[in-house]
Amino acid sequence: MVEINSRKAAIVGCGFVGSASAFALMQSGLFSELVLIDYDREKAEGEALDISHGLPFAKQMSIYAGDYRDISDAAVVIVAAGAGQKPGETRLDLVRKNVGIFKSVIPEIAKYNRDGILLVVANPVDILTYAAAKLSGFPNNRVFGSGTVLDTARLKYLLGEHLGIDSRSVHAFIIGEHGDSELAAWSSANVSGIPLSRFCEMRGFYSHEESMKKIAEDVKNSAYEIIKKKKATYYGIAMSVKRICEAVVRDEKSILPVSSIQNGKYGIKDIALSMPAIVGKNGVEGLVPIELSVDESARLIASAARLQEVINENVVF
């Protein structure tokens, strides 16, 4: 048995997201070793060289291109392999092509690494997290996706801009699918412990329903807007990958809305979607119950049903 190196990570897939994530992890100082894997070996080599040239300005580490045998002792394997979302395309439109890619990638990862954590970043992240869990045979706690961690950051950013406050003081979650059926859990949202609606009134805002609807729509459409303007999104998700890796490597027990396979809460079972979870060295160490209204609960169940429908129609193992 190969002993896991807690200071080593691997990234499979060196497109925009994988490369940006590698750059963010280099700057973070979390790892002393980072291996990049891509079907185009020269692409991985080029990214490793380019990022390595910045090491004199960061902390010492080894960044190199490798193959699946090099991931045997990696604590975290970040799976960013897959086709990217194009203008006018939804995340769910990517299902068949990216599930096909995962059918070749995930068994190779599982062949060489049985004890690390699989962090799925490719889209549609919920479907691919489900596929990764089934294809790898890993325990569900050690296979999870970036989920709505970025969507939640977008929500906090927009609320911070709206209220004129530090977004880090905003506590709110986007839950469900990372996609068109996602929802903002307004019932549990607060600013430093003050219910959101009351804080809004403290700042002179009273049109709660209208503002919440617009902000939630802006969050949901953020990726579409960015892709329309620059053809791809990668910096925000790269920072999300860094944040998730911090929680794992430092065993922070941080509460993050990652995508993981649900175990029956709200009647949702054997579907991967995002709910607040305790994330530490063992992966998803538990789900955190949050207050949801009747409408929010119904929308969450509908989001799960939409994902189940897509799996039934497109995912065959």
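The values are calculated or read from the model by the stated rules, or taken from the named source; none is laboratory data. Quick caveat: nothing in here was measured; it's all calculated off a predicted structure. Virtual Cβ from ideal backbone geometry, glycine too; neighbours counted across all protein chains shown.
Observations on the model:
- Selection status of Ile278, within 19 Å of Leu256 (Cβ to Cβ), modelled with pLDDT of 95 or more and out of contact with any helix residue (DSSP H, G or I) (no Cβ under 8 Å at 6 or more places or on another chain): yes
- Of all residues in region 4-47, those being part of a helix (DSSP H, G or I) and either β-branched (Val, Ile, Thr) or within 14 Å of Asp67 (Cβ to Cβ) (or both) number 6.
- Single match in Asp70, Asp40 (criterion: without any contact (Cβ under 8 Å) to a residue 40 or more places away in the chain and among the acidic types (Asp, Glu)): Asp40
- Filtered residue count, region 187-209, keeping only those that are farther than 16 Å from Ser167 by Cα and in a loop (DSSP other than H, G, I, E, B): 4
- Considered as a group, the residues in region 111-165 that are within 25 Å of Glu209 (Cβ to Cβ) and more than 18 Å from the chain's Cα centre (by Cα) include one that is surrounded by the most Cβ atoms within 10 Å (Cβ to Cβ), and that residue is Leu159.
- Among the candidates Lys228, Lys242, the residue that is in a helix (DSSP H, G or I), at pLDDT 95 or above and within 26 Å of Phe16 (Cα to Cα) is uniquely Lys242.
- Of the residues in region 164-181, none is touching a residue at least 60 places away in the same chain (Cβ under 8 Å) and either over 28 Å from Asn141 (Cβ atoms) or basic (Lys, Arg) (or both).
- Some residue of region 128-143 being in contact with a His (Cβ under 8 Å, 6 or more places away or on another chain) and either within 25 Å of Phe16 (Cβ to Cβ) or outside the structural domain of Val279 (by TED's automatic domain parsing) (or both): no
- Among the residues of region 240-253, not one is surrounded by fewer than 16 Cβ atoms within 10 Å (Cβ to Cβ) and under 21 Å from Leu128 (Cβ atoms).
- Checking the stated criteria, Ala65 turns out to be over 22 Å from the mean Cα position of the chain (by Cα), surrounded by 19 or more Cβ atoms within 10 Å (Cβ to Cβ), within 21 Å of Lys242 (Cα to Cα) and touching a residue at least 12 places away in the same chain (Cβ under 8 Å).
- Taking region 159-172 as the range and being farther than 17 Å from Gly204 by Cβ and part of a helix (DSSP H, G or I) as the test, the residues that pass are Ser167, Arg168, Ser169.
- Residue count for region 192-225 satisfying the condition of being more than 30 Å from Ser19 (Cα to Cα) and in contact with a Gly (Cβ under 9 Å, 6 or more places away or on another chain): 1.
- Test for Leu34: is it surrounded by 14 or more Cβ atoms within 10 Å (Cβ to Cβ), over 19 Å from Ala131 (Cα atoms) and of a type outside the set (Lys, Arg): yes
- No other residue among Ile261, Ile301, Ile255 is closer than 12 Å to Glu177 by Cβ and among the aliphatic types (A, V, I, L, M) apart from Ile301.
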